[in-house]
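Read-outs throughout are calculated quantities, based only on the coordinates presented, and are distinct from any laboratory measurement. Note that this is a predicted model, so its numbers are computed, not measured. Ideal geometry is used to build each Cβ from the backbone, glycine not excepted, and the neighbour counts take in all protein chains shown.
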Amino acid sequence: MRVVIIGAGECGVRAAFSLRERGFEGQVTLFGAETSLPYERPPLSKDVTATPKAIRNLDAYLSAGIDLCLGQTVDRILPGARQIIAGGQAHSYDRLLIATGARARQVPTFADCLTLRTAHDAAKIMASLAAGAKVGIIGAGFIGLELAATARRLGADVTVFQNGPQVLARAVPAQIGELVAARHRAEGVALRLDADVVAADRTSVSLAGGVRFAFDTVIAGIGSAPNVELAAEAGLDVANGIVVDGNFRSSAPDVFAAGDCCSFPFQGRRIRLESWKAAQDQGDHAAAAMLGNGATYAKLPWFWSDQYDLTLQVAGLFDPLRAIHSRPAGVDGRIVFQIDDQGQLAAAAGAGPRQDIAKDMKILEKLIEKGAAFEPALISDPSTHLKSLLKAA
């Protein structure tokens, strides 16, 4: 059997090695558009060094017998012929995994702003974050705030524009967003919330009403768009990502999709996740599915971010219609959580000193996975030891 994987990011690489770890001895070919060895993307917004960290070294690919085709763009997928076309050559497959990831979302009115997705993007951004530089960042999501923290660490003067009243609004409840915002303000970041940005270029940001801010560099961190063009041109179903089932099978026979580029069913709804852990988990699950494993994907979504000495972790997906409960975490930290309609712990998020947050969030993550049910007041009570709840679950 021949397996072709399009996309040499975290998901594609994990899938390739997972196939070998599961005993697959057939041909595995991994296509990557960039010429460098596949690298980790989370450090790009946090690490000021120019050298990206490789996911695996070259010897690992050679030892595993994975054909690594770097600097090669796949031009077409031909599901009927079970072929892909890359560099004018046809490559046949028995199973195909599309792991093309996502790209930084761009809008015409922000066309000249810097964006972050690749190591090349990171090098350009980091070169502009010198001490004393005036940096404008549009978007107060994970990327925007991580870059703000990095820029402040380097001594830049930073202003962040957000079109709503809360930072990290799509990822965490307001209590956590407020804690993170307070830390950025304490570090000297100017947060302009409810900012109606109507236009921006490489050196300026303009708000509704005609107010214009001048900068040395402007970075747009306004989300991402899934890379679905190959799939759409091949006739696959696409809706906020390549549509797949619980085993990451697409609408075409023997074609799978996983990672940032796909939307999949989860707890009664269809979602698309963008996270390092989800990419790894989905790559591993897709590899198992290509080898015939029929289990439905059910991994708990998990996200993290490091800003200054503050760590932020999220387990599960918050429902905006459910009540939010809270408990303190260590020194100046906070954890919030939700209980679902069955009384089970459904989602949790924490922000604060790394050691305190990581310890508590690991326990809460396990409680969610176990489907543990508790009265919210019990978890909210700071005198309740979370370890004791885990033992009782």
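Among the listed pairs 53/359; 53/366; 46/124; 53/124; 53/362; 362/391, give every one whose C-alpha distance is greater than 19 Å. If you can, show how the numbers build up before the last one.
Numbers: 53/359 26 Å; 53/366 29 Å; 46/124 14 Å; 53/124 17 Å; 53/362 26 Å; 362/391 14 Å.
Cα-Cα > 19 Å for 53/359; 53/366; 53/362; rest within.
Extent of the range 192-281 along each principal axis, from alpha carbon coordinates, in Å, largest to smallest?
Extents along the principal axes, in whole Å: 53, 29, 23.
Could you go through the range 191-200 in sequence order and give the Karplus-derived ³J(HN,Hα) for each residue, using 6.51 cos²θ - 1.76 cosθ + 1.60 with θ = phi - 60°, rounded to whole Hz, and x for Gly and Pro?
9, 10, 7, 6, 8, 8, 6, 9, 6, 7
Give, as ranges by residue number, the residues of the range 42-75 whose backbone N falls under 18 Å from the point 7 Å along Cα→Cβ of residue 130.
48-50
List the equivalent ellipsoid semi-axes of the range 111-220 in whole Å, largest first, each obtained as the square root of 5λ for an eigenvalue λ of the Cα gyration tensor.
20, 17, 13
Find the Cα radius of gyration of the chain, compare it with 2.2 N^0.38 Å by division, and give the number to two decimals.
Cα Rg divided by the expected 2.2 N^0.38 Å: 1.03.
When only Cα pairs under 8 Å and 6 or more residues apart are kept, what is the percent relative contact order across the range 18-92? Write down the numbers at each step before the final one.
Details: 93 pairs, mean separation 23.6, N = 75.
About 31 percent, as a whole number.
In straight Cα distance, which aspartates and glutamates are under 12 Å from residue 299, not counting same-chain residues fewer than 8 positions off?
281, 284, 365, 369
Sequence-distant or interchain residues sharing an amide H contact under 5 Å with residue 39, placed H: which?
Residues meeting the amide H criterion: 55.
Which shape class applies to the range 55-116: rounded if a/c is under 1.5, otherwise prolate when a/b exceeds b/c and oblate if not, where a ≥ b ≥ c are the square roots of the Cα gyration tensor eigenvalues?
Verdict is oblate for the range 55-116.
Picking from 244, 382, 37, whose Cα lies most toward the positive end of the charge dipole for the chain (charges on Cβ: Lys, Arg +1; Asp, Glu -1)?
382
Would you please classify the overall shape of the range 14-88 from the alpha carbon gyration tensor, given that a ≥ b ≥ c denote the square roots of the eigenvalues, rounded means a/c under 1.5, and beyond that prolate means a/b larger than b/c while oblate covers the rest?
Here the range 14-88 falls in the oblate category.
What trypsin sites (Lys or Arg not before Pro) in the range 142-248 are in a loop by DSSP, with at most 16 other Cβ atoms within 10 Å of the Cβ?
Details: sites: 152, 153, 170, 183, 185, 192, 202, 212; in loops: 170, 202.
Sparse-neighbourhood loop trypsin sites (Lys or Arg not before Pro): 170, 202.
Using amide H atoms built 1.01 Å from N in the peptide plane, name the residues 5+ places from residue 271, or on other chains, whose amide H lies under 5 Å from its own.
Result for residue 271 returns 264, 266.
Show log10 I(q)/I(0) for the range 309-392 at q = 0.11, 0.13, 0.17, 0.24 Å⁻¹, two decimals, from a solvent-free Debye sum over equal Cα scatterers.
-0.24, -0.34, -0.59, -1.22
Set the Förster radius R0 to 30 Å, insert the Cβ-Cβ distance between residue 40 and residue 271 as r into 1/(1 + (r/R0)^6), and round the FRET efficiency to 0.05.
0.80
Per-residue ellipticity at 222 nm for the chain, helices alone: DSSP H runs ≥ 4 residues times -39500 (n - 2.57), over residue total, nearest 500 deg cm²/dmol? Walk me through the numbers on the way to the answer.
Details: 10 runs with 102 residues, N = 393.
Mean residue ellipticity at 222 nm (helix-derived): -7500 deg cm²/dmol.
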